[in-house]
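K.L.:
Below is a structure I'd like to ask you about.
The values are calculated or read from the model by the stated rules, or taken from the named source; none is laboratory data. Model, not experiment: these values are computed from the prediction. Positions of Cβ are backbone-derived with ideal geometry, glycine not excepted, and every protein chain shown enters the neighbour counts.
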Amino acid sequence: MMPVVKGISLEIPRRGIVGLVGESGCGKSMTAKSINHILPSFAKVTGGNMLWHEDSGEVCDFTLLNEKEIRGRCGTDVAMIFQEPMTSLNPMMCIGDQIKEVLQIHKLEKNADRAKERVIEMLDAVGIAEPELRYKAWPHELSGGMRQRVMIAMAMIGSPKLLIADEPTTALDVTTEAQILKLIRKMCDEYKMSAMVITHNMGVVSTLCDYVYVMYLGNIMEQAPTKELFKNPMHPYTKGLLSSIPRIGNNPEYLETIPGSIPVMKKQFKGCEFCLRCSDDIQKCFFEKAELKKVGPDHYVRCHVAGGEEE
Ligand SMILES: Nc1ncnc2c1ncn2[C@@H]1O[C@H](COP(=O)(O)OP(=O)(O)OP(=O)(O)O)[C@@H](O)[C@H]1O
Ligand SMILES: [Mg+2]
């Protein structure tokens, strides 16, 4: 068995929005799916804890929950939205009834008329015009942006404490993306909710997140408050990600890229996973993994070179 996510440690504070960023295949979705036990059948969590701090002060380890217990928490404690809403929505059911199902499954509203009213209120809250009419719309009748709003409504109707948004805007144009990001922020504020936003887009991170974790090949390479990470990136991988963002006013003929491509790991590698693409050519990096070291307030980096050589 090959580990695809290794020893990562994430903290999502109450009402905070945390970003998980990294190139395709680095393990962002696997990390998220492990939280509410929706990993594909060939993958499993083999160790570690996922600690959920209840309002009562008790702590619940999500890794120990059985199928029924975790289903009971999905929608009311943790809700998830995905990149392509068409694959998550049922094409055979009108959108209103799909959202209403969440209220019925979790027995959040027994009165059928009131449940419908609540769905219409939620459709209105996520910016769907004429929500009474749209209640009966089929998913294919809506634009991509509207479908994503429906997904957000479905996620929010159970008043979850944590929203996991896995690439929620990748399939959208930039204007719709900006509207959806604004909506996620508004929902987090209004519903006093925390969020984990998964993306490979640094623009999304800068607009939405308070704190960022940068992932590469299943490891956290750097973590810092968003402003600090953008101002003072330390890891060569983070620097590469940030310098490959196109900016108006920069030389338009030349865009920085990170050299090489993500290696396919057939077996566990002793050294730093990024060393094959790194400009710092240090022998130690090939043989020894660096520990996450503190380089500033709430700023950590996993690199032998960045932030000074380790003792
Ligand atoms: N269906 C699958 N079959 C085999 N391996 C898989 C599958 N899905 C994920 N993996 C493995 O898990 C690793 C992490 O995948 P994951 O989907 O978490 O990446 P990601 O960071 O979410 O990428 P993306 O940005 O493309 O969504 C992959 O590199 C791959 O090795
Ligand atoms: Mg993914």
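K.L.:
Tally up the residues in segment 268-296 that are in contact (Cβ under 8 Å) with a residue 40 or more places away in the chain and surrounded by fewer than 13 Cβ atoms within 10 Å (Cβ to Cβ), please.
P.N.:
Adding up the residues that qualify gives 2.
K.L.:
Failed condition for T31, given (1) out of contact with any Pro (no Cβ under 6 Å at 6 or more places or on another chain); (2) surrounded by fewer than 19 Cβ atoms within 10 Å (Cβ to Cβ), with all others met?
P.N.:
(2)
K.L.:
Which of (1) more than 22 Å from L241 (Cβ to Cβ); (2) crowded, with 24+ Cβ neighbours inside 10 Å; (3) in contact with a helix residue (DSSP H, G or I) (Cβ under 7 Å, 6 or more places away or on another chain) is the odd one out, the single condition A155 does not satisfy?
P.N.:
(3)
K.L.:
Working only within segment 211-223, note down all residues that are at positive phi and in contact with a helix residue (DSSP H, G or I) (Cβ under 9 Å, 6 or more places away or on another chain).
P.N.:
Matches in segment 211-223: G218 only.
K.L.:
Which pairs have Cβ atoms under 7 Å, sit 6 or more apart or on different chains, and link a residue in segment 70-85 that is modelled with pLDDT under 85 to one that is among the hydrophobic types (A, V, I, L, M, F, W, C)?
P.N.:
Cβ pairs passing all conditions: Q83/A171; E84/A171; P85/V150; P85/M151.
K.L.:
Within segment 36-48, can you find the residues that are over 15 Å from D61 (Cα atoms) and more than 15 Å from ligand 2 (Cβ to nearest atom)?
P.N.:
Answer for segment 36-48, where residues must be over 15 Å from D61 (Cα atoms) and more than 15 Å from ligand 2 (Cβ to nearest atom): S41, F42, K44.
K.L.:
Report every pair of residues separated by at least 6 positions or lying on different chains whose Cβ atoms are under 8 Å apart, first residue within segment 40-68 and farther than 16 Å from L162 by Cβ and in contact (Cβ under 8 Å) with a residue 12 or more places away in the chain, second aliphatic (A, V, I, L, M) and surrounded by 10 or more Cβ atoms within 10 Å (Cβ to Cβ).
P.N.:
A43/V4; A43/M30; V45/L39
K.L.:
Being crowded, with 16+ Cβ neighbours inside 10 Å, away from ligand 1 (no atom under 16 Å from the Cβ) and under 26 Å from P13 (Cα atoms) narrows it down to one residue among L65, L89; which is it?
P.N.:
L65
K.L.:
If you don't mind, another one. List the helices (runs of 4 or more DSSP H) that sit entirely inside segment 58-113 and contain at least 3 residues that are within 16 Å of ligand 2 (Cβ to nearest atom).
P.N.:
Per the criteria, 85-88.
K.L.:
Mind checking which pairs have a first residue in segment 148-162 that is on the phi < 0 side of the Ramachandran plot and without any contact (Cβ under 8 Å) to a residue 60 or more places away in the chain and a second that is of a type in the set (V, I, T) and part of a loop (DSSP other than H, G, I, E, B), Cβ under 7 Å, 6 or more apart or different chains?
P.N.:
R149/V126; R149/I128; A153/V126
K.L.:
Out of segment 182-223, which residues are over 14 Å from the mean Cα position of the chain (by Cα) and within 15 Å of ligand 2 (Cβ to nearest atom)?
P.N.:
Of everything in segment 182-223, those that are over 14 Å from the mean Cα position of the chain (by Cα) and within 15 Å of ligand 2 (Cβ to nearest atom) turn out to be Y216, L217, G218.
K.L.:
Assuming T176 fulfils every condition listed in (1) crowded, with 17+ Cβ neighbours inside 10 Å; (2) under 23 Å from P225 (Cα atoms) apart from one, which condition is it?
P.N.:
Against the list (1) crowded, with 17+ Cβ neighbours inside 10 Å; (2) under 23 Å from P225 (Cα atoms), T176 comes up short only on (2).
K.L.:
Residues being crowded, with 20+ Cβ neighbours inside 10 Å and within 23 Å of the chain's Cα centre (by Cα): count how many of those fall in segment 126-144.
P.N.:
So the answer is 1.
K.L.:
Scanning segment 9-35 for residues that are of a type outside the set (D, E, K, R) and away from ligand 2 (no atom under 15 Å from the Cβ), which turns out nearest to L292 (Cα to Cα)?
P.N.:
For segment 9-35, the residue satisfying everything is S9.
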